[in-house]
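Peer 1: Below is a structure I'd like to ask you about.
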Amino acid sequence: MSCGNIPEGQGTAEEEQVAMPRRKQVRRVDKNTCQRCKISKSMYIVRNVTFCKPCFETAVFGRFVKLLHPPLQTPQSGSSSSRNAVSHAIRPPRQAGDVLIALSSGAGSTAMLDLLLSRSYVGRGDGAVTDKTKGEKEPIWGKGWVVYVEFAGVLDGVEDRLEDVKGWVERLDKGLGWIGVRAEDVFDGELKNRLRDIAGLASQDSGQEVEDTIAIDLKDADLPLFSTPLSSASSTTPLDHLRKLIASLPPPSRPALLSNILSSLLTLISQTIPNISHLLRGETSTRQAQRLISGTASGRGWSLPLELSAARKDDDGLVRLKPMKDLSVKEAAVYCNLKGFNGFTRNDRRWDAAGPAGKRDARGKGGVTSLEMLTEQFIAGLSVTHPSTVSTINRTGDKLVFPGEASNSPTCPVCQLPVDPSALEWKSRSALTSLPTKTNPVASPSAGENTTPLAPLLCYACLTTFTPPTVNARTASTQNEPVPLPLWIGENVARQQGNVVERATMKDQIKDFLIQDA
């Protein structure tokens, strides 16, 4: 039986209209030609689309400003329509403060820095007047600061690149301020004064220097805190404190601690350097997809929408931006190759190399580094055969909404994000926090005065990070010495305790005006 198709030109107009429509032929695309300009020879294939060098750079910049411009726009800038006012096609106006750019020497942050400098988004800080008649563009930020955090001190086999990155930034000759810190500086009480010296400010009074910190007993599920001198021994350095803390944690918890150290240092620098209004991080969509899966698996689902957001404003007015969120690490690497940055970029963080290696059992299993490392390897391998994996994961993550109020919720002293309600209660119902053993009970440490347990103040993810490994009772009983915690955790704990005392004092002052329930 015929399908009813009539050969072209052999039927009337009515017959051809009634007949079954023919399948539309698919236009074949020449992969050797750029699909954007249709003229130049293609050099790169990204997401099944071919680009030449100029068109690829234009496409990267267009997706970069799509996330960078809207948070910087004001309702008065651009068109009268509110929708057009936040359009990414309109160059934002001059911002009131300066910008802090986090540089990790990876492809994402390196490409972000080049995009900002090549388009004159960051000024030199000299107050030069822009001549628009000559085609000059007014910078969005008057001055930019580049911060680099070095983790080589706690990572085995990782090269120290602090001086190399500093030299690379200085060779750019764009008037950028340089701030180089190390991960162990979280135990250095003089870090704030060193940052103030870099900014040209007077140092704080030495009488206000932090001499004591808090130590934690990781063998107790309540995580009791103890006051201990910061420099109990003259030979103990901040690096020794950090290595001791990392070695006390199980291998799967160490990358989460390093991530919190990075966030705390960036927050401290943005609060110490004057006139910082924006913090830019070059996390790509690939890194965001890894963070989404690992964060969900580790119990960070409550605050995950805030952590993954492309733009977030803190209570102190600092705006955190991630303009590289729509670009994959492959696109960022291709851009760095286009600009000749191959010899500078390093994309492997190797945070799983922190501390001693995990032990393996008799079957050869165990020794798993971290959930973050497993997720990174999984997404990297799956993206080869399924290129849409990263975009699909990120589209799912964009639908997440924070269920609470970020401004009024109590924050975790470790990650400094809102604490999910009843985290400790949920942890006690869903996980084993202690097991009966045949060993003798270990006495509580007497390193200092017991202040308060840390467990009730933590979010679920950080509570999991500091949970003692109870599966190995013999290992847990061999060492019972409190481990010093970084200074920012002690400051946050003291601030929360101060808030409680302040509220109690306020209630006592207004007790005569309170109406009692009948």
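The values are calculated or read from the model by the stated rules, or taken from the named source; none is laboratory data. It should be emphasised that the depicted structure is a prediction, and the values quoted were computed from it without experimental measurement. Virtual Cβ from ideal backbone geometry, glycine too; neighbours counted across all protein chains shown. Just so you know, the surface numbers come from the protein's heavy atoms only, side chains and all, with ligands and any DNA or RNA stripped out. Shrake-Rupley method; radii C 1.70, N 1.55, O 1.52, S 1.80 Å.
Peer 1: Within the stretch 296-316, is there a residue that is under 20 Å from Leu162 (Cβ atoms) and either touching a residue at least 40 places away in the same chain (Cβ under 8 Å) or open to solvent by less than 30 Å² (accessible area, probe 1.4 Å) (or both)?
Peer 2: no
Peer 1: Within the stretch 345-352, identify whether any single residue is touching a helix residue (DSSP H, G or I) at 6+ places or on another chain (Cβ under 8 Å) and either crowded, with 23+ Cβ neighbours inside 10 Å or at pLDDT 95 or above (or both), and answer yes or no.
Peer 2: Looking through the stretch 345-352, none of the residues is touching a helix residue (DSSP H, G or I) at 6+ places or on another chain (Cβ under 8 Å) and either crowded, with 23+ Cβ neighbours inside 10 Å or at pLDDT 95 or above (or both).
Peer 1: Related question: Ala202 is checked against (1) of a type in the set (A, V, I, L, M); (2) open to solvent by 40 Å² or more (accessible area, probe 1.4 Å); (3) closer than 30 Å to Gln73 by Cα and fails just one. What number does that condition carry?
Peer 2: So Ala202 meets the others, but not (3).
Peer 1: Among the residues of the stretch 228-247 satisfying the criterion of being buried (at least 16 other Cβ atoms within 10 Å of the Cβ) and in contact with an Asp or Glu (Cβ under 9 Å, 6 or more places away or on another chain), which is modelled with the lowest pLDDT?
Peer 2: Leu230
Peer 1: Yes or no: the stretch 211-219 includes at least one residue that is touching a helix residue (DSSP H, G or I) at 6+ places or on another chain (Cβ under 6 Å), of a type outside the set (Val, Ile, Thr) and either modelled with pLDDT under 95 or assigned by TED's automatic domain parsing to the domain that holds Ser264 (or both).
Peer 2: yes
Peer 1: Does Ser391 satisfy the condition of being at pLDDT 85 or above, crowded, with 21+ Cβ neighbours inside 10 Å, in contact with a helix residue (DSSP H, G or I) (Cβ under 8 Å, 6 or more places away or on another chain) and outside any strand (DSSP E or B)?
Peer 2: Judged against the criteria, Ser391 is not a match.
Peer 1: Can you pull out every residue in the stretch 65-88 that is at pLDDT 75 or above and over 30 Å from Arg349 (Cβ atoms)?
Peer 2: Gln73, Thr74
Peer 1: Among the residues of the stretch 459-475, which ones are surrounded by fewer than 20 Cβ atoms within 10 Å (Cβ to Cβ) and either modelled with pLDDT under 50 or part of a helix (DSSP H, G or I) (or both)?
Peer 2: Across the stretch 459-475, the qualifying residues are Thr464, Val471, Asn472, Ala473, Arg474, Thr475.
Peer 1: Only one of these conditions is not met by Gly62: (1) modelled with pLDDT under 85; (2) surrounded by fewer than 17 Cβ atoms within 10 Å (Cβ to Cβ). Which number is it?
Peer 2: (1)
Peer 1: To continue, here is another question. Based on what the data block shows, is Leu116 in contact (Cβ under 8 Å) with a residue 24 or more places away in the chain and open to solvent by less than 40 Å² (accessible area, probe 1.4 Å)?
Peer 2: It is true that Leu116 is in contact (Cβ under 8 Å) with a residue 24 or more places away in the chain and open to solvent by less than 40 Å² (accessible area, probe 1.4 Å).
Peer 1: Tell me yes or no: at least one residue of the stretch 318-325 is of a type in the set (Lys, Arg) and at pLDDT below 90.
Peer 2: no
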